[in-house]
């Protein structure tokens with residue numbers, strides 16, 4: 001229940017604003033602030049829709065007292081001041097502070113920042129600033145003020161809060177990761193915004209010639225009006241010329257350096273729109289001279305030269321911009337283009353750096369800095385991925401340790417004799433592997449497939465198997481005496497065994513289990529029954545099967561199968577038992593694949609867990625008996641690196657020490673053909689939060705590479721990873737842990 005807040009939770013807050021025809025958006029804004037409110041006082045300036053009814057109904061529903069007053073619109077300074085004066089008449093016990101908002105805004109509050117904490121801070125100052133804008137553009141504005149202190153608004157439009165004459169009022173502020181106002185800009189009075197603002201500002205300049213603020217915002221209004229009219233139109237071109245003239249006038253007036261710099265910056269962009277780069281360049285450099293703390297103008301120069309292929313010049317100005325970025329990390333500027341500093345300068349380097357990189361900057365890490373940015377533009381993301389092939393480190397080629405020749409041959413031979421009658425039809429593809437916690441054996445499962453990936457990246461069916469059938473055979477082998485000593489030969493334990501799965505779904509388009517991922521589940525860590533049980537997750541194709549498929553998979557093309565592996569010694573075969581199609585009530589049941597397993601320590605035992613997806617990061621438990629995945633942890637995509645939206649699971653998780661669980665994931669860049677990239681993803685073993693990750697890498701630079709499993713030898717701090725190339729070669733990489741440690745990027 002909302003209503004007057006106990007004084008122990010901080011001062012009371014009254015919402016104050018002006019509205020006109022805002023019924024389409026007003027509830028959205030009110031819902032974002034209602035938890036902070038103890039009252040409201042809103043001025044309607046002439047709505048002809050049901051805005052006032054919507055407001056009253058909302059606050060009645062939430063039991064927040066208040067009033068709506070009406071006053072015809074004259075200008076923004078007048079009407080906002082009128083609204084503040086009416087708020088001063090509200091009962092003081094529900095209106096100690098005023099929250100200033102517009103209808104087309106949304107107030108975001110960090111989830112762990114309580115209402116009580118927000119309000120309790122208000123007693124420290126009489127005025128508070130809050131950042132507003134978008135994910136890539138922001139500035140601070142007055143949003144909380146002490147009520148009844150004589151504050152007014154000044155300005156016919158683009159008005160600002162004016163303190164009482166003669167008072168030096170200190171400002172407090174909330175950081176942009178605490179409170180942030182998303183300025184959506186879809187309010188009900190925006191149809192003629194630019195023309196209206198031009199009229200109001202010209203009228204203001206008639207009363208106050210050469211006023212710096214009016215001149216600046218008049219230039220901005222001409223610029224925005226030109227963009228709305230179209231740069232190539234006569235009216236748009238004329239508006240651009242007016243903007244340039246007015247910006248020049250604002251520069252001549254002088255004064256606040258932020259507006260002067262903005263005038264240089266915007267005037268340069270106007271010249272660029274008019275295809276006059278020489279004047280744009282001169283103007284941007286004048287802006288740099290006037291205010292060398294900002295880099296957005298330098299970024300525009302870098303971008304121009306990069307687009308023209310003049311990469312050495314792009315590099316010169318990039319160095320200037322990067323120096324600014326590093327020298328002035330705290331950017332409390334007017335209308336800051338945060339994306340320029342956060343990733344766009346790096347994006348430019350990721351392109352021209354291929355041609356001009358005298359400082360040998362690691363361009364792989366530069367690319368990763370770009371694609372981790374949470375508000376990244378999609379076109380930039382895809383362009384970085386399409387260029388990444390030029391920078392991706394080939395880990396197996398560069399850092400792979402040589403396996404003992406006998407071990408390498410033994411791994412290459414898995415399934416070769418057993419499937420000899422089929423080798424014209426089937427080829428070895430991706431191996432999965434794990435260490436059996438009961439015996440210490442290395443268990444390897446090699447997938448054999450009846451299709452090929454051609455040099456263009458497309459799939460081709462084997463002539464004898466038919467184009468419409470995708471068939472898999474899985475062969476499992478065991479090796480004893482395996483450790484991280486790559487010079488030590490292993491010994492084969494027993495014969496290769498073909499893995500036999502439930503044949504119920506084996507008569508459709510997909511035959512056999514795809515992408516089997518082995519996991520040794522030791523629930524009681526060596527004590528009790530079932531220690532070291534081998535289990536698996538695999539992709540089960542369901543398209544065109546004749547058997548009845550249980551809900552919710554009855555319309556599925558692919559599902560995730562979970563089960564145990566049990567050896568039938570009498571028959572000399574390895575069987576999948578207790579197999580279930582996993583169900584997750586929030587999953588997309590038509591196509592599910594690549595869920596990976598890991599063990600989490602809870603109260604002295606290992607709980608079987610699963611990664612469903614990486615963005616959002618969704619983790620849960622698996623019940624083998626019920627075939628059910630139950631979500632236990634979730635981190636939303638907005639809190640994670642952007643590129644994880646395309647990350648898919650590759651390997652099951654491997655415990656590395658007591659504090660970390662390591663996985664390999666992959667993403668695909670879809671271009672004229674597919675390009676696969678991999679990354680090591682590390683979860684904190686205690687919290688299961690994403691802790692760090694490596695830049696994207698390849699095994700050996702092939703276009704299509706895939707992995708299903710890895711093991712870790714803690715005594716030697718080395719990994720053994722199985723992978724395939726073009727789905728037609730099984731390969732293995734031994735690599736030192738420090739190779740990945742040196743690459744890691746902290747979240």
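Since every read-out is calculated from the coordinates, none of them should be taken as a lab result. Please read all numbers here as calculations on a predicted model, not as lab measurements. No Cβ is skipped: glycine too gets one built from the backbone with ideal geometry, and neighbour counts run over all protein chains shown.
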Notebook entry, point to check: R0 = 56 Å: FRET efficiency of residue 413 with residue 326, Cβ-based, nearest 0.05?
Noted result: 0.55
Checklist line | Mean Cβ count within 10 Å, highest first, over the residues of peptides 608-619, 280-291 | finding: 608-619, 280-291
Margin query: What do you get for the angle between helix 212-229 and the principal long axis of the chain? Use alpha-carbon atoms, 0 to 90 degrees, nearest ten.
Written below: 50 degrees
Item checked: Using alpha-carbon coordinates, inclination of helix 311-327 to the longest axis of the chain, degrees -> 70 degrees
Next item on the list: If a/c stays under 1.5 just call it rounded; otherwise compare a/b with b/c (prolate if a/b is bigger, oblate if not). Do that for region 45-89, with a ≥ b ≥ c from the square roots of the Cα gyration tensor eigenvalues.
Entry: oblate
Check: For the pair residue 420 and residue 113, what calculated FRET efficiency results from E = 1/(1 + (r/R0)^6), where r is the Cβ-Cβ distance and R0 = 60 Å, to the nearest 0.05?
Finding: 0.35
Check: With each label point set 7 Å from Cα along the Cα-Cβ vector, what nm distance links residue 175 and residue 469?
Finding: 6.2 nm
Margin query: Sort 80-89, 656-665 by the packing proxy (mean of other Cβ within 10 Å over each peptide's residues), most packed first.
Written below: 80-89, 656-665
Notebook entry, point to check: What percent antiparallel are the DSSP beta bridges of region 7-183, to the nearest 5?
Noted result: 45 percent
Item checked: FRET efficiency for residue 406 and residue 551, using Cβ-Cβ distance with R0 set to 56 Å, rounded to 0.05 -> 0.65
Check: What nm value, rounded to one decimal, do you get for the distance between residue 252 and residue 636 when each label is placed 7 Å out toward the C-beta?
Finding: 5.1 nm
Check: Hey, what did the chain get for relative contact order, percent, Cα under 8 Å, at least 6 apart?
Finding: 8 percent
Note to self: Quick check: from the Cα gyration tensor, does region 395-746 come out rounded (a/c under 1.5), prolate or oblate?
What the structure shows: rounded
Margin query: Once you order the gyration tensor axes a ≥ b ≥ c over the Cα atoms, which shape class does region 7-183 get: rounded for a/c under 1.5, otherwise prolate or oblate by comparing a/b with b/c?
Written below: rounded
Item checked: Debye intensity ratio I(q)/I(0), log10, the chain, q values 0.05, 0.08, 0.12 Å⁻¹ (C-alpha model) -> -0.37, -0.83, -1.25
Notebook entry, point to check: For region 193-390, what relative contact order do you get, as a whole percent, if you take Cα pairs closer than 8 Å and at least 6 residues apart?
Noted result: 12 percent
Next item on the list: Describe numerically, in nm with one decimal, the distance between label points set 7 Å from Cα along Cα→Cβ at residue 359 and at residue 63.
Entry: 6.0 nm
Check: Of the listed peptides 328-335, 118-125, what is their order by residue-averaged count of other C-beta atoms within 10 Å, with the highest listed first?
Finding: 118-125, 328-335
Margin query: With angles folded into 0 to 90 degrees, how steeply does helix 378-387 sit against the dominant principal axis of the chain? Use alpha carbons for both and round to 10.
Written below: 40 degrees
Check: Using alpha-carbon pairs under 8 Å, 6+ residues apart, how would you state the relative contact order of region 7-183 in percent?
Finding: 27 percent
